[in-house]
Every structure is written in structure tokens, then in C-alpha cells.
Amino acid sequence: MSETHPENLDQNPEAAYEGPASPETHRQQRADDVRTYLKAIGKYPLLTREDEQDLAAAMEAGLYAGQLLEEKDGLSRRRALELEQIVRLGREASDRFFHSNLRLVVSIAKRFGGRGMDLLDLIQEGNAGLMIAVERFDYTKDCRFSTYATWWIRQAISRAVADQSRAIRFPVHYHDVVVKVHAITTKLEVEYGRNPTAAEIAEASGMTEEAVLLAQKRSQPMLSLDAMMSDGETDEIGRAVFDARIENLYEPEAPEPFDHAVHADMNRVIMGRLRELPEREAHILALRCGLVDGCPRTLEEVGNILGLTRERIRQLEVKAIDTLREPANAAHLLDFYEPDQGYSVPVRTVRRRTAKVVEFPGTAVHAAAA
């Protein structure tokens, strides 16, 4: 890379900025970092069972010596120096124990690849778990350190993935569900030679199909808006999304933002009028006109919901409509009436949904506006 001199910046301001590295360059850089790290930890020899016991015993002796030094009750100068030496040997044993097992962390971290975190970041989190394992290992039990440390390393990496890998975080216990679904999916892919269905994953995991689909949906990776569309393109994802939103904004059929606001305001006014009716009558009109979920119900459907006959629903509906037709109630809709252009788009939309509540032409609203 050519050197950029300060005196040349005024003539060519862009000379100091070479732009973001390509995805391929970034991947190559990370791969080089991993190789450098693996070469560095490869110089530490693996431990035998006897080595583990000797080092753990030295660590325990160092901790005990440290406690004696803190008390300092009746210690001679010579005894204090001996204890300091034991403490130093204990720390050296701990360092050797830690460094000799770094390759174990790498082997475990590789199993967590593809879950939103870089391999070196996974290794760093696993190293934190390894430190805890070194501190808590009990050499008096008939257990190899690697067996004991594996649990702590996996625990540290799993928690880190759950906490750091997603822009939208969910509880750690739910992350365990996602990991379970991912593991079973991988197993079935190998067994079937294809992508398993949600039903097959549900049967193998003992979960419901809906729970499997939800876990798959929530485990989808996040994409940075600054990321490139592909290795061979220079367009960013964020720019593509923005351009698409701009195109949709000016679609001929797209409603104007003002219409959205008027529509929402008119719905608010209508629902306010309904709240002044008796609760049962308001509920009937809301169901009949689809004001609850956008799906108008028939007299029979409303009757089944409320436990009334079809005729009784019709009678209560007529009574409620008569109440809303009174000038005092209809006058609240005058703000949405446009005499020169008839009814605006949002008003026509609401009119279709509320035709049984307020009859616009020929009612008090239309007469008052005229």
C-alpha cells in the first residue's frame, strides 16, 4: 500500500480513504488471525494425567500458602520467603494448566460455528470457561481435566452466543431450544440426505411443530445494512432496502400518509361513538361492521358469539343504528366530509366498513353538510 503524505491530503482528500475491505479480504484476514493463534498455542505440550495431578496439587499448595501469607501471624522472614515461592509456583502451574488446554477450547469452539459469532470470539469466550475450570478442578477425583473442562467451556460459549450473537436477544433458556432444534436438524439432514421437515424435527425432538417453526424463524441470522449484496457487488443491503422503500412510497396505488392519518382518526371517532352505546349494542355493531378485526359477521354469527337469536341481534342492531343517526352523534363525522369532492378516500373506505352504522347520503351527516 502506498504511503499517503499529509501534504497531499489537500490536493486529494480521498487519498487517505481506500474504502471498506471486501468480504473476501475480511474473511482472509480473519483466517490469517486464526492460523497465527493456532501456531502460538501449538507450542504448549499436552498434559498427561500425572501432569494434571501434579499441577493441580501445586495450585492448591499455592492457594494455601497465599492464605498463610495474608494472616502473617508469627511468620519468620525465611518462612515468608518459602511461602512466596510456593505461591509463585502455584501461579506458574495454573498458567501451564491453562495454556496446555487452549487447543481443547478451539476444538469445542469450532462446533459453534455459523451461529452469528466469529471463531476467534468464540475461542475467547471458551477461554473464560477454561479459566473457571482450572480454578475449580479437583485432582483428587478420578476424572481427566479435559472431561471436566469441556462442560465449562461449552457453557461459556453457549451463553455468549445467546447473549451476543443476535441484535434481538432472547432468554438463554430459549437459546437452548434453538440449539436443540439446530442439532436435531443437522442430524436428520445427515440421516435423510435432505432438509428435514418441521414435522420430522418435531417428532424427533418431542416438541410441537409450531414450536419448531418458531425456533427456526427466530434463529435466522441478522444481516448488517452496511454489508455488501454479494462478493462481486458494491451495493450495500441498506441502500437496496432504502431504494425499494422509496419505489413503494411512490406507487400509484399506495395510500397517502395523510389518508392513513385521517383513516385512523375517523376510526377513533367511530369507536368513541360506539363506546357511548350500551356495551352489548356496541359489541354487536363492532362485530357486524368488522370494526374489531376487519371481518364483518352475519346476524347468525353474532348471535352464536353472544348466545342470542338472529332476530334479537337484528333488533338490537336497529336500535343502536337509530341512536347513532341522531344529529348530536352524527355531527362528530362532519370533520371528515369534503363538500366539493364528495367523500375522501379514507372516508369512502370507512363508509364501506360502517355502512350499517351511518348512512352517509340522505342522513343527518349529509343533510347538515349540504
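The values are calculated or read from the model by the stated rules, or taken from the named source; none is laboratory data. Keep in mind it's a predicted model, so treat the numbers as computed, not measured. Please note: Cβ atoms are built from the backbone with ideal geometry, for glycine as well, and neighbour counts cover all protein chains shown.
Annotations for the structure displayed:
- Set side by side, the residues VAL365, VAL262, VAL269, VAL345 differ, and just one is in contact with a strand residue (DSSP E or B) (Cβ under 7 Å, 6 or more places away or on another chain) and either of a type in the set (A, V, I, L, M) or modelled with pLDDT of 80 or more (or both), which is VAL365.
- Residue identified as under 22 Å from ASP33 (Cα atoms), touching an Asp or Glu at 6+ places or on another chain (Cβ under 7 Å) and in contact (Cβ under 8 Å) with a residue 12 or more places away in the chain among LEU130, LEU120: LEU120
- Of the residues making up segment 145-160, those that are farther than 17 Å from ALA58 by Cα and not polar (S, T, N, Q) are TYR148, ALA149, TRP151, TRP152, ILE153, ARG154, ALA156, ILE157, ARG159, ALA160.
- Restricting THR140, THR150 to those that are modelled with pLDDT of 85 or more and loosely packed, with under 13 Cβ neighbours inside 10 Å reduces the list to THR140.
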